[in-house]
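**Student:** Have a look at the structure that comes next, please.
Rule-based calculations on the coordinates, nothing more; no lab input. Treat the numbers as computed from the prediction; the structure is a model and nothing was measured. Using ideal geometry, Cβ is built from the backbone for each residue, glycine included, and neighbour counts are taken over all protein chains shown.
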C-alpha cells in the first residue's frame, strides 16, 4: 500500500500553467500521480503497468482529462474519472476519453439534467435555490463550507423586496449577467450605495453557492461586477443626545400622557446601554441572563464569536423588575412582549416615538443624499458614543458590540466632543423609566419598613479607680502635647 505522504502529496502549481501529471514507483508497484485541485495531488495504483514509462504516459493522459473537466466546471467528476482511468484497459480507456469529450462539450446539458434529476424533475429557479440557502438547507448539507448566517433575516428581506420580483422564475442554469443587471437597474434611485452593494452581493453569493454545489458550471458574473463599497465617512449619521434619550425613556408628551409603550421604552434603554444588534436582542432568552450576578451571554451571534459581559447596573435592576412583572419566566424571549411587526418596522417606530415625546431636532428626521435620518441601528451607535464618553477602552466596547476590528468603532461614534461641550451625560435606566423607578422605590420603602432598628445597650457606669497599671488613653493624650502631633491626635476638651 502507498504511504500517506505519497498518496496525498502537497504540491504548488504555478499560476497560468496546467499540471502535466506523471507516475511514481514504490517497490514493484506503479502509481499514476494526478493534480486534482489546488495544492493537492492524488496517487492511484495502476495494476496493469509493468514499467514506470507506461504508468507515466497514463498519468499524463488522465491529467489532461482532469484539466479539461476543471475548465468546464465539472470538478465534482474528477475523483471518479481519475480512479477509472488508473485501472482501465485499452478498450475502456477509449470509452472514458469519449465520455470526457462529451461531458466537456455538453457540460450545460449535463448539469441541467443532473439538477433536474436531483430535484425530481422540477426546474430549479433562482428563487428556489436561494431559499435552500436562506432556509439553512445548504448549511446542513455542507456544514464545513456553508455557515449559518445570524443575519439571514436581513438577506431574506432584501431578496423579497429587490431580487425575487425581477428574477424569481429565471431557471438557474440559464441565469446570465443580463438577469443580474436587470435587478440592479430596477433598484430605487433613492437607495443608498451600501444597500445597492448588499443586493449585488446576495446575487453573487447565490450564484457562487450554485457553482459550489454543482448546479452551475460557472458564475456568469465577471470579476469587478460588484459595486465598490462606499467610504463610511461619505454619509452623515445621527443619534440621540442624552437629554433627548431621557425624554424618550420617560415616554410622555407635553400633556404628561404616556405615548410610548413600556416594553419599547425598556428595549430602547437596553439597546442604548448594552450595544447589542437588533437580531441579538430579538432572540435573547431568559436562560442567557444571570440576574443574580448581572451577566449576559451570547453564544450564537452574527460573527460566531461567543460573548459574555457584566450588564450595566441600571439595566440589571430594570431587568429584575421586568422579570418580576412578567411572572418570573424561566424560558422564552426577554422581549417577547414586542410583536414581530414592531421588530420589522423598528426604525420608523423609533422615529415616531421620538417625535411623540417632543424631540424636535430637525436633523434627526432629515434624509439627504449624503445624510441618513435616525435609524434603529443608531441606538447601537448611542452605546458606543456613551462608552467613549465614559472613558471605556476599545476592548471593553467590542466585548459588548462584537466588532471584530477596532476601526469599526469609529463608524459608530457620534461625536463625543459635542456631548462634553453641551454638558450632556446619559441618565441611569432605573431613574429614567418612571414605572421602573416607582417599583424600585416601593420595594425599598417596603424593605425599610420591615427592618426595625436594633436597641442600643446602655453604657454601664464604672467607679473603678485608675491605678496606673492599665492603659489610660486620656493620660497618654495629656502627656503627648507636642504641637506637631495635634492634627493626628487632637486634645480632649
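**Student:** Full extension from residue 197 to residue 305: what is 0.36 nm times the residue separation minus their Cα-Cα distance, to one decimal in nm?
**Tutor:** The span from residue 197 to residue 305 would gain 36.4 nm if fully extended.
**Student:** Using only Cα atoms, locate the centre of region 192-265 and the centre of region 122-156, then give the distance between them in Å, rounded to an integer.
**Tutor:** Centre-to-centre distance over Cα atoms comes out at 20 Å.
**Student:** Arranged by the count of other C-beta atoms within 10 angstrom, fewest first, what order do 321, 334 take?
**Tutor:** Working: 321 20, 334 23.
Ordered by Cβ neighbours within 10 Å, fewest first: 321, 334.
**Student:** Within region 178-218, whose backbone N sits under 16 Å from a point 7 Å along Cα→Cβ of residue 149?
**Tutor:** Output list for this probe position: 194-212.
**Student:** What FRET efficiency comes out for the pair residue 395/residue 445, r = Cβ-Cβ distance, R0 = 30 Å, nearest 0.05?
**Tutor:** On the way: r = 41 Å, r/R0 = 1.35.
Efficiency, rounded to the nearest 0.05: 0.15.
**Student:** Same structure again: Let's test the formula: R0 of 25 Å, r as the Cβ-Cβ distance of residue 417 and residue 438. What FRET efficiency results, to the nearest 0.05?
**Tutor:** Calculated transfer efficiency: 0.10.
**Student:** Report the extension gain between residue 328 and residue 25 in nm, rounded to one decimal, defined as 0.36 nm multiplied by the number of residues separating them, less their alpha carbon distance.
**Tutor:** Fully extending the segment from residue 328 to residue 25 adds 101.8 nm.
**Student:** Run the numbers for residue 137 and residue 252: contour at 0.36 nm per residue of separation, minus the present Cα-Cα distance, in nm. Write out the running numbers ahead of the final one.
**Tutor:** Values: separation 115, 0.36 × 115 = 41.40 nm, distance 4.68 nm.
Result for the pair: 36.7 nm of gain on full extension.
**Student:** So, R0 is 41 Å and r is the distance between the beta-carbons of residue 54 and residue 223; what FRET efficiency does that work out to, to 0.05? Mind dumping the intermediate values first?
**Tutor:** Values: r = 42 Å, r/R0 = 1.03.
After rounding, the FRET efficiency stands at 0.45.
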